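**Student:** Dumping the structure here so I can ask a few things about it.
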Amino acid sequence: MLKAEFTKQLPEFDLQAEFKMDREIVAIVGPSGSGKTTFLNCLAGTVSPDMGRIELGGRVFAEEGGKPLRIQDRRVGYLFQDYALFPHMTVRENILFGLPGQPEPSHVRELTELLGIRPLMDKYPHEISGGEKQRTALARALAMKPELLLLDEPFSALDDETRLRCRNELMRIHRDWQIPVLMVTHSMDEARRTADRIVRIEKGRMAELPIREASL
């Protein structure tokens, strides 16, 4: 169970997070600049909340008056909007970046085969397509067997066919791995098709939307 109750001051308003989730897919929607990515960054540890508490499965990530848990100790996988692949590293090296000094685990082989990128392992990011970069970034986020997966606009740069394939792969991985998935998207259609729940953030305030009636 992820529990996040915190505030973070932003230039135009305060993000006031009140959020809980279990092993489900939750879509975060809302206008640009509303605090969606800041919310993910606070969970990942790249940004620290000003007040409040974040915990996952009883492990405290951040707590008022305490030292935040280090990013590498949170076991959070993060797929950034621009994928953030290292251009000088091969697909294999990118995927194994979070597992330094370790041989390729069997679950990584299974993951890359599932995502259809096994033949690309020795290629560099500039040699693969946008959809292949997206799947490489997803494999990297999952390679460490995270307890929480964060996705920031994971399908926004993909064509319709690739988006459908990647969404189906994500849902299959979620079904098999049973980890919480938190996905920021600007597409309400994508949110409805992918998520179990939809939460809207607007000017730092969070509210759950009925999934059948949700609209931007």
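The values are calculated or read from the model by the stated rules, or taken from the named source; none is laboratory data. Note that the structure is a prediction, hence the values are computed from the model and not measured. Here the Cβ positions follow ideal geometry from the backbone for every residue, glycine too, while neighbour counts run over all protein chains shown.
**Student:** Please specify each residue of the stretch 33-89 satisfying the condition of being under 25 Å from R135 (Cβ atoms), at pLDDT 90 or above and of a type in the set (S, T, Y).
**Tutor:** Within the stretch 33-89, T37, T46, Y78 qualify.
**Student:** Any residue at all in the stretch 95-110 that is basic (K, R) and without any contact (Cβ under 8 Å) to a residue 40 or more places away in the chain?
**Tutor:** Of the residues in the stretch 95-110, the ones basic (K, R) are 109.
From what's left, without any contact (Cβ under 8 Å) to a residue 40 or more places away in the chain: 109.
Within the stretch 95-110 (the criterion being basic (K, R) and without any contact (Cβ under 8 Å) to a residue 40 or more places away in the chain), the answer is yes, since at least one residue qualifies.
**Student:** Any residue in the stretch 114-133 that is within 18 Å of P146 (Cα to Cα), buried (at least 17 other Cβ atoms within 10 Å of the Cβ), at pLDDT 90 or above and out of contact with any Phe, Trp or Tyr (no Cβ under 7 Å at 6 or more places or on another chain)?
**Tutor:** Within the stretch 114-133 (the criterion being within 18 Å of P146 (Cα to Cα), buried (at least 17 other Cβ atoms within 10 Å of the Cβ), at pLDDT 90 or above and out of contact with any Phe, Trp or Tyr (no Cβ under 7 Å at 6 or more places or on another chain)), the answer is no, since none of the residues qualifies.
**Student:** Something else about it: Taking the condition of being touching a strand residue (DSSP E or B) at 6+ places or on another chain (Cβ under 7 Å) and free of Cβ contacts under 8 Å to residues at least 24 places away in the same chain, how many residues in the stretch 67-91 meet it?
**Tutor:** 1
**Student:** What are the residues in the stretch 76-102 that are over 21 Å from P154 (Cα atoms) and either of a type in the set (S, T, N, Q) or touching a Gly at 6+ places or on another chain (Cβ under 9 Å) (or both), if any?
**Tutor:** Q102
**Student:** Search the stretch 129-144 for residues that are within 10 Å of I117 (Cβ to Cβ) and pair each with any residue that is among the polar types (S, T, N, Q) and assigned to a helix (DSSP H, G or I) when their beta-carbon atoms are under 7 Å apart and the residues are at least 6 apart or on different chains.
**Tutor:** Pairs that qualify, where the first residue is within 10 Å of I117 (Cβ to Cβ) and the partner is among the polar types (S, T, N, Q) and assigned to a helix (DSSP H, G or I), are G131/T162; T136/N94; A139/T112.
**Student:** When you check R175 against the structure, is it more than 17 Å from M21 (Cβ to Cβ) and either in contact with a helix residue (DSSP H, G or I) (Cβ under 8 Å, 6 or more places away or on another chain) or part of a helix (DSSP H, G or I) (or both), yes or no? Write out each step before concluding.
**Tutor:** Numbers: more than 17 Å from M21 (Cβ to Cβ): no; either in contact with a helix residue (DSSP H, G or I) (Cβ under 8 Å, 6 or more places away or on another chain) or part of a helix (DSSP H, G or I) (or both): yes.
Judged against the criteria, R175 is not a match.
**Student:** Using beta carbons and a limit of 7 Å, which pairs, at least six apart or on different chains, have the first residue in the stretch 178-194 and farther than 21 Å from L2 by Cβ and the second one surrounded by fewer than 16 Cβ atoms within 10 Å (Cβ to Cβ) and aliphatic (A, V, I, L, M)?
**Tutor:** That search, which allows pairs on different chains as well, returns M188/L216; R192/I211.
**Student:** Mind listing whichever residues of the stretch 68-107 are of a type in the set (S, T, N, Q), exposed (fewer than 12 other Cβ atoms within 10 Å of the Cβ) and part of a loop (DSSP other than H, G, I, E, B)? If you could, list the steps in order and put the result at the bottom.
**Tutor:** First pass over the stretch 68-107, keeping only residues of a type in the set (S, T, N, Q): 72, 81, 90, 94, 102, 106.
Next cut, exposed (fewer than 12 other Cβ atoms within 10 Å of the Cβ) only: 72, 102, 106.
Listed by number, the list holds a single entry, Q102.
**Student:** Find all pairs meeting these conditions: Cβ atoms under 8 angstrom apart; at least six residues apart or on different chains; first residue within the stretch 11-33 and at positive phi; second residue of a type in the set (D, E) and part of a strand (DSSP E or B).
**Tutor:** If the second residue must be of a type in the set (D, E) and part of a strand (DSSP E or B), the pairs left are G30/E202.
**Student:** If you go through the stretch 113-134, how many residues are assigned to a helix (DSSP H, G or I) and more than 30 Å from V47 (Cα to Cα)?
**Tutor:** Quick first cut of the stretch 113-134, residues assigned to a helix (DSSP H, G or I) only: 113-114, 118-120, 125-127, 130-134.
So of that shortlist, the ones also more than 30 Å from V47 (Cα to Cα) come out as 113-114, 118-120, 127.
Final tally of qualifying residues: 6.
**Student:** Also, I was wondering about something else. Being of a type in the set (D, E), outside any loop (DSSP other than H, G, I, E, B) and over 19 Å from A195 (Cα atoms) is true for just one of E12, E55. Which residue is that?
**Tutor:** E55
**Student:** Same structure again: Scanning the stretch 178-204 for residues that are surrounded by fewer than 19 Cβ atoms within 10 Å (Cβ to Cβ) and not in a helix (DSSP H, G or I), which turns out nearest to the chain's Cα centre (by Cα)? Lay out the reasoning, then the answer.
**Tutor:** In the first step, residues of the stretch 178-204 are kept if they are surrounded by fewer than 19 Cβ atoms within 10 Å (Cβ to Cβ); the result is 178-179, 186-189, 192-193, 196-197, 202-203.
With the extra rule that they be not in a helix (DSSP H, G or I), the set shrinks to 178-179, 186-187, 196-197, 202-203.
Values: Q178: 14, I179: 11, H186: 14, S187: 16, D196: 15, R197: 15, E202: 20, K203: 21 Å.
By that ranking, first place goes to I179.
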